[in-house]
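Working notes, beginning with the structure itself.
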């Protein structure tokens, strides 16, 4: 059985598979130590460098090995599984690399668990699930980027008079071909002019993925003045659902725009500020400070 994480690799398991593969013959692995490599949200693999101790000295055997397993970060895992990246990498090293004119790392051992190829996390097995109809987004947003559902994040504020004010709004889109529009997973955020529903000029990447852009990297759609379809309906729907959840005074809503109008994806109590402030500036404007002061937040 293949370990699911690099930290679960033992010297006994590694010794067995390398003997079975014919890599080790009259030498055994006594112990291993591991050093994590490439940790974080941007990686599609759980990687580590193993330092190997053998029971016999050998100049032909490596002292260190790099091991790769499927990532534990679910967003990156979903992308890797959708595009079959793990199997493609194994096939590259076993089928294409021997014919390559360029130098590539030697693969000591590779395998894939064909019965559990989808790498379902343990805490999902045997659980209960909701299966929802896929969203068919509006043609204008599909043309913006057809590879992700491009969602609107809009922050609503319920005043003491039960009026709904809007603190900030952005459009979120994948920056490439991945089906993920999340800012911290490589997406782009573009500020929305709330009175008109038109995009602002600049789109922003999370710092680990890039800086700014004025056009979508894939479709080359210009951001400036792009009109969000059904914007009036978005504002009306956001106001309605904020009043329904009146016990929460500030909510970060995610909306998709279908061919028939806006859809509520979810409401967030902890909605984060990084993408919003990158696209629209700080939230502590004089206007917003006055709104917050209604509930005793004097900032």
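In the elastic network of the chain, a GNM with C-alpha springs shorter than 10 Å, the most mobile of 249, 88, 68 is 88.
Scaling against 2.2 N^0.38 Å puts the C-alpha radius of gyration of region 220-299 at 1.27. For the pair residue 159 and residue 33 in one chain, pulling the backbone fully straight at 0.36 nm per residue adds 39.6 nm over the alpha carbon distance.
Using the alpha-carbon atoms, what tilt in degrees (0 to 90, nearest 10) does helix 231-244 show relative to the longest principal axis of the chain? The helix 231-244 is inclined about 90 degrees to the chain. Estimated purely from DSSP H runs of n ≥ 4, each contributing -39500 (n - 2.57), the mean residue ellipticity at 222 nm for the chain is -5500 deg cm²/dmol once divided by its residues. Among 85, 158, 24, whose mean-square fluctuation peaks in a Gaussian network model of the chain (Cα, cutoff 10 Å)? Residue with maximal mean-square fluctuation among 85, 158, 24: 24. At q = 0.12, 0.16 Å⁻¹, what base-10 log of I(q)/I(0) does the Debye formula yield for the chain when every alpha carbon is treated as an equal point scatterer in vacuo? So the normalised log intensities are -0.90, -1.26.
Beta bridges from DSSP with both residues in the chain: antiparallel share about 100 percent, rounded to the nearest 5. Of all the options 199, 276, 284, the one that moves most in a Gaussian network model of the chain with Cα springs shorter than 10 angstrom is 284. Taking each residue as 0.36 nm, the span from residue 236 to residue 17 lengthens on full extension beyond its C-alpha to C-alpha distance by 72.8 nm. Compared with the dominant Cα axis of the chain, that is its longest principal axis, helix 11-20 is turned about 60°.
Throughout, read-outs are computed from the coordinates displayed, never taken from laboratory work. No experiment lies behind these values; they were computed from the predicted model shown.
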